[in-house]
Ligand SMILES: Cc1cc2nc3c(=O)[nH]c(=O)nc-3n(C[C@H](O)[C@H](O)[C@H](O)COP(=O)(O)O)c2cc1C
């Protein structure tokens, strides 16, 4: 499907999630179904401008993952310009700007979600990035800072900015992740005024919630984050429902989890065998495998106890022994 200037296999997008949607994670999720677009989580422009070397391991073989977007977060315009220059040598599809991160650090640095309350700054930033970048530019926002946005002001800003695609997480920066704060109304009203495609995001956890989100807001595509952690087949479940009306209930069991973890380990091992980078080593494998094993161990009897047990593990050797014991 066409999404702005992008040509994607479908309208499903894996959300950027720091320390979650790493290279192995993105490859893992794509094992179970086609995903139109995956996202590299936020990279700090200040850090890139100071030492671009670290990009080498973050963006290793990024071209194999296309279509893929890379997200930048920052406020200093010069650091943005430098970061875009450094990114030029990488082959990716879309440059995304973070205007939704709610962390105290981001707000203090006047970046991420802060931009939702400083639209002048956001406007200036977008214009500079669009002019500088050779790649299409997208933006990820929330429905407002503390209160819902002024739809007219934001839609005009977006329509005139030159960006290709907008993603909206359907809650304000200040509301964080509380369920009741999902605001599909603002998403729907914004969609009516936009001249570029809109990607909807927030609390899509089942095929039914995906359908409700799309039917109500009329967004062009949707992005899923947290539900993929432990249910890597969510996009397939949604696809089946949206195309055939078939509901595949997600029912976890140890056999399935064992298979998932084996696939994940294979993906990491393949990457490790290719990369000679001091950051990508056994410690990397341990961290990746541990946190994904914990996320995957859910939805069956005793799973909470097993997750607690896994969270205390300190080495790869111990982790492997523990998993062996669990699966036996
Ligand atoms: C652990 C974690 C890390 C995240 N990191 C980013 C990030 O780097 N950039 C970003 O735009 N959003 C980030 N987000 C927000 C997600 O992209 C997404 O907007 C949010 O989780 C809501 O979608 P969901 O309900 O499907 O999870 C993060 C969320 C989580 C839970």
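Remarks
- Filtering 225, 200 for residues that are surrounded by fewer than 22 Cβ atoms within 10 Å (Cβ to Cβ), at pLDDT 95 or above and within 14 Å of the ligand (Cβ to nearest atom) leaves a single hit, 225.
- Test: residue in segment 59-74 that is within 16 Å of the ligand (Cβ to nearest atom) and in contact (Cβ under 8 Å) with a residue 60 or more places away in the chain: yes
- Counting only residues that are within 19 Å of residue 41 (Cβ to Cβ) and either within 16 Å of the ligand (Cβ to nearest atom) or not assigned by TED's automatic domain parsing to the domain that holds residue 200 (or both), segment 131-162 holds 6 of them.
- The test for being in a loop (DSSP other than H, G, I, E, B) and either touching a residue at least 40 places away in the same chain (Cβ under 8 Å) or surrounded by fewer than 18 Cβ atoms within 10 Å (Cβ to Cβ) (or both) does not hold for residue 140.
- Looking only at segment 58-94, and only at residues there that are within 18 Å of the chain's Cα centre (by Cα) and assigned to a helix (DSSP H, G or I), the one that is surrounded by the most Cβ atoms within 10 Å (Cβ to Cβ): 62
- Taking the criterion of being surrounded by fewer than 18 Cβ atoms within 10 Å (Cβ to Cβ) and closer than 22 Å to residue 14 by Cα, the residues of segment 247-260 that qualify are 247, 248, 249, 250, 251, 252, 256, 259.
- Residue 158 vs. criteria surrounded by fewer than 18 Cβ atoms within 10 Å (Cβ to Cβ), modelled with pLDDT of 95 or more and in a helix (DSSP H, G or I): no
- Residue that is modelled with the highest pLDDT [pool: residues in segment 288-312 that are surrounded by fewer than 15 Cβ atoms within 10 Å (Cβ to Cβ) and within 24 Å of the chain's Cα centre (by Cα)]: 311
- Test: residue in segment 37-44 that is away from the ligand (no atom under 12 Å from the Cβ), more than 24 Å from residue 214 (Cβ to Cβ), in the same structural domain as residue 200 (by TED's automatic domain parsing) and surrounded by 18 or more Cβ atoms within 10 Å (Cβ to Cβ): no
- Within the option set 97, 128, being within 12 Å of the ligand (Cβ to nearest atom) and either within 17 Å of residue 49 (Cβ to Cβ) or part of a helix (DSSP H, G or I) (or both) holds for one residue only, 97.
- Looking only at residues of segment 11-26 that are touching a helix residue (DSSP H, G or I) at 6+ places or on another chain (Cβ under 9 Å) and surrounded by fewer than 18 Cβ atoms within 10 Å (Cβ to Cβ), we find that the one that is farthest from residue 274 (Cα to Cα) is 17.
- Residue match in segment 253-269 (condition: at pLDDT below 95 and either within 16 Å of the ligand (Cβ to nearest atom) or touching a strand residue (DSSP E or B) at 6+ places or on another chain (Cβ under 7 Å) (or both)): no
The values are calculated or read from the model by the stated rules, or taken from the named source; none is laboratory data. If you're wondering where the values come from, they're calculated on a predicted model, not measured in any experiment. Methodologically, a virtual Cβ is constructed for each residue, glycine included, from the backbone with ideal geometry; neighbour enumeration extends over all protein chains shown.
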